[in-house]
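Worksheet: one structure, shown below.
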Amino acid sequence: MTLRLATAQPARHPNPTVKAIALTHLMFERPDLDRTEAFLRDFGLRTTLRTPDELYLRGTAPAAYCYRARRARQARFVGMGFAVASRQDLLKLSRLPGASPIVRADRPGGGEMLTLVDPSGFTVEIVWNQQPADVLPHRALLTWNVGRAVARVDAFQRLPAEPPEVLRLGHVVLELADFQATSAWYTQHLGLIPSDVQVLPDGSPAVAFMRLDLGDTPADHHTLALAQGFMPLYSHSAYEVVDTDAVGMGQRVLRERGWKHAWGMGRHILGSQIFDYWQDPWGDKHEHYCDGDLLTAGLRTGIHPVSRDAMSQWGPPMPASFTRPRMTPAALGALLRNLRRSPDLTFDKLLTLAKLFG
């Protein structure tokens, strides 16, 4: 049976405002920067700058930073940053409704930037001319003996029990009530391409995995994924490590140091990453992954039915707690408001999602 998407979005835009070239960083607010830094360093990120009210961390790749946490009374995900290829791109985006003025970035890497807000209320910082940092060393891939293909003789695999080296930020996944408007915003203004879309039985999108349009240069299967929910929420972010052993060592170290496991290890179907998920002190999920798919711009969008089984090829089943929202009074109020307001949200759709993942 051929699956079809029953909605206008997600769809590739024929003439986007610009084409973003990288996901640069994520932005969080946290009441305790010491606890934030402790988790992230155990996770494998490295502190690049710490002030009384801000914390910047990076991987081994030359990005000046990929994670920013600011001190605030409540824990909150704020948004993300994307890089563009030219100042002309920055000027084009500065003409969008609600865009901030272009300013010099007073943070690691410098450059120029402006701020946008997407239709779901997430802050999107657009940066240009950020200066790269020095590449940091990380261990090489392990040498494997596979069947009769012998590559390692009189040598041993002995990894130290220490946090895995995060190479870079890979992607972020968001839940939203206003799926159509938000998906259209990212395809129209940042040129993101839907790689794969998981659909509900009525053909409406449940999850869209979206990649950067880098032409013939391979891009990650998804840099941003959008999931239909009942309110804007951070789902998780993902960070690349060297290999499967690094994913496994991350699990050991984080467990021994008392952090809370969320799901894994396993291998995804869409994107193919070997994954493992952990929760930070405020319950926000962070993923170690390796071996993700890379796609050029010409590959067409795949359409697939959504289900819990469609989330992984092997590994433990995705627990219901992985997608279950925290039903606070504020969340319940948002649910009721968005059911009345959002054209993408219906009681039947929420009931279907709850049956699939509850």
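Bear in mind these aren't lab numbers, they're just calculated from the coordinates by the rules spelled out. Everything numeric here is computed off the predicted structure, so don't read it as measured data. Note that each Cβ is placed from the backbone with ideal geometry, even for glycine, and that neighbours are counted across all protein chains shown.
Under the rule a/c < 1.5 gives rounded, and otherwise a/b versus b/c splits prolate from oblate, where does region 57-104 land using the Cα gyration tensor? Kindly include the intermediate steps, with their values, before the conclusion.
Numbers: a/c = 2.99, a/b = 1.33, b/c = 2.24.
Since a/c reaches 1.5 but b/c is at least a/b, the shape of region 57-104 is classed as oblate.
Can you give the helix-only mean residue ellipticity at 222 nm for the chain, where every DSSP H stretch with n ≥ 4 adds -39500 (n - 2.57) and the sum goes over all residues, rounded to the nearest 500 deg cm²/dmol? Don't jump to the answer; show the numbers that get you there.
Working: 6 runs with 67 residues, N = 358.
Value at 222 nm, helices only, nearest 500: -5500 deg cm²/dmol.
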What are the residues whose amide H is under 5 Å from the amide H of H25, where those residues sit 5 or more places off or on another chain and H is modelled from the backbone? G81
Based on the Cα atoms of region 231-358, what semi-axes does the equivalent ellipsoid have, where each is the square root of 5 times one gyration tensor eigenvalue, given in whole Å with the largest first? 28, 21, 13
In sequence order, what are the phi-derived ³J(HN,Hα) couplings for region 29-42 according to the Karplus relation 6.51 cos²θ - 1.76 cosθ + 1.60 with θ = phi - 60°, rounded to whole Hz, with x for glycine and proline? 10, 9, x, 9, 6, 5, 5, 4, 5, 4, 5, 5, 6, 5
Greater than 32 Å separation of Cα atoms is the criterion. Which listed pairs, K92/K260; K285/K355; K19/K260; K92/K285, meet it? K92/K260; K19/K260; K92/K285
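Taking N as the number of residues in the chain, what value does Rg over Cα atoms divided by 2.2 N^0.38 Å take? Before the final figure, lay out each step's value.
Numbers: Rg = 20.2 Å, N = 358, 2.2 N^0.38 = 20.6 Å.
In units of the 2.2 N^0.38 Å rule of thumb, it is 0.98.
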Kirkwood calc, region 294-343, C-alpha pairs only, radius in angstrom 14.9 Å
Whole-Hz Karplus couplings 3J(HN,Hα) for region 153-167, θ = phi - 60° and coefficients 6.51, -1.76, 1.60, Gly and Pro as x, run 10, 6, 9, 10, 8, 9, 8, x, 7, 9, x, x, 7, 5, 7
Mean Cβ neighbour count within 10 Å, used as a protection proxy, ranking 301-314, 115-128 highest first: 115-128, 301-314
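What translational diffusion coefficient, to the nearest whole µm²/s, does region 3-52 have by Stokes-Einstein, given a Kirkwood radius computed over alpha-carbon pairs, a temperature of 20 °C and 1.002 mPa s viscosity? Mind showing how you got there, number by number?
Values: Rh = 15.4 Å.
It diffuses with D of about 139 µm²/s by this estimate.
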Using θ = phi - 60° and the Karplus form 6.51 cos²θ - 1.76 cosθ + 1.60, what ³J(HN,Hα) does each residue of region 127-142 get, whole Hz, x for Gly and Pro? 10, 9, 6, 5, 7, x, 8, 5, 5, 9, x, 9, 5, 6, 4, 5
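Would you mind putting 152-161, 226-235 in packing order, based on average other-beta-carbon counts within 10 Å, highest first? All intermediate terms of the calculation are to be shown ahead of the outcome.
Values: 152-161: 7.9, 226-235: 21.8.
Going from most to least packed, we get 226-235, 152-161.
So if I place +1 on the C-beta of Lys and Arg and -1 on the C-beta of Asp and Glu, and nothing else carries charge, what would the dipole magnitude of the chain be about its Cα centre? I want it in debye, nearest 20. All intermediate terms of the calculation are to be shown ahead of the outcome.
Working: 40 positive and 36 negative charges, 109 e Å.
The calculation lands at about 520 debye.
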Counting sequence-distant residues (5 or more places) and residues on other chains, those with an amide H built under 5 Å from that of R211 are I193, S195, T223
Work out the length of the dipole vector of region 93-250 about its Cα centre, built from +1 on the beta-carbon of each Lys and Arg and -1 on the beta-carbon of each Asp and Glu, and round it to the nearest 20 debye. 240 debye
Using the Kirkwood radius over C-alpha pairs as Rh, can you work out the diffusion coefficient of region 89-141 via Stokes-Einstein at 25 °C, viscosity 0.890 mPa s, in µm² per second? 192 µm²/s
Cut-off under 5 Å, modelled amide H: who pairs with S204 long-range: A6
Descending packing, highest mean Cβ count within 10 Å first, for 328-339, 136-147, 3-14 is 3-14, 328-339, 136-147
